[in-house]
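Everything below concerns the one structure shown next.
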Amino acid sequence: MIKKVQVTPTTYLKNYDELCHLQDFPLIQQVCVELHQRFIGICQTTYDNILEQFAELLEIDAQLQMFLDFLQHDFFEETGLSEEEVVEMILKDKNVYYRLLTGIATNQKVPKGLIYLSEK
C-alpha cells in the first residue's frame with residue numbers, strides 16, 4: 001500500500017519558496033509573497049462551495065508555476081521582457097495556463113475537468 005503524504009498549504013508552497021527570496025527581481029518577489037499569503041488565506045477560509053475555493057487556489061498555483069518556469073528557464077534573457085512586463089503577462093495568462101499546459105488552444109472549447117476551474 002502506498003502511504004499518503006499529508007500536504008498542508010505551507011508544505012505545498014515550499015515548492016515555490018525561492019520566488020519569495022528574489023533579490024534581483026523585487027516586483028516578482030513582492031507578487032509571489034502576496035500570492036503565498038492569499039493561498040494560505042484561501043485555505044483557512046470556509047467556503048460554501050469547495051469548487052470556488054479550488055478555482056481560486058488553481059489560479060494562484062498557475063501564477064506561481066509561471067513565475068517559477070520563467071525564472072528557472074532564464075526567459076528574461078531569452079525574451080528581453082522587463083520584470084513589469086512578465087508580471088503583466090502572467091496576470092493576463094493565469095486563467096488559461098492549464099489549458100495551454102495541456103495543449104489546448106485558447107480558441108478551443110475547454111474540456112470538462114477540475115483543472116480548468118480557474119478559467120473565467
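Every number here is computed from the coordinates shown, using simple stated rules; none is lab data. Every value quoted in this text rests on a predicted model; they were computed, and no experiment measured them. Heads up, the Cβs are rebuilt from the backbone with ideal geometry, glycines too, and the neighbour counts pull from every protein chain shown.
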Output for Cβ contacts, cut-off 7 Å, separation at least six or different chains, first residue in a loop (DSSP other than H, G, I, E, B) in the range 75-96, second buried (at least 18 other Cβ atoms within 10 Å of the Cβ), reads Lys94/Glu59; Lys94/Ala62; Lys94/Gln63; Asn95/Glu59; Asn95/Ser118
Looking at the range 7-14, is at least one residue within 24 Å of Arg99 (Cβ to Cβ), surrounded by 10 or more Cβ atoms within 10 Å (Cβ to Cβ) and not small (Gly, Ala, Ser)?
yes
Collect the residues in the range 65-74 that are in a helix (DSSP H, G or I) and either more than 14 Å from Asn95 (Cβ to Cβ) or in contact with a Lys or Arg (Cβ under 9 Å, 6 or more places away or on another chain) (or both), keeping them in residue-number order.
Met66, Phe67, Leu68, Asp69, Phe70, Leu71, Gln72
From the set of residues in the range 1-48 that are outside any helix (DSSP H, G or I) and among the charged types (D, E, K, R), which is nearest to Glu83 (Cα to Cα)?
Asp24
Within the range 45-57, can one find any residue that is surrounded by 12 or more Cβ atoms within 10 Å (Cβ to Cβ) and β-branched (Val, Ile, Thr)?
no
Of all residues in the range 97-114, count the ones that are in a loop (DSSP other than H, G, I, E, B) and either in contact with a Gly (Cβ under 8 Å, 6 or more places away or on another chain) or not aliphatic (A, V, I, L, M) (or both).
9
Of everything in the range 90-109 that's within 16 Å of Glu59 (Cα to Cα) and surrounded by 15 or more Cβ atoms within 10 Å (Cβ to Cβ), which residue is farthest from the chain's Cα centre (by Cα)?
Arg99
Within 15 Å of Leu35 (Cβ to Cβ) and among the charged types (D, E, K, R) - does that describe any residue in the range 62-81?
yes
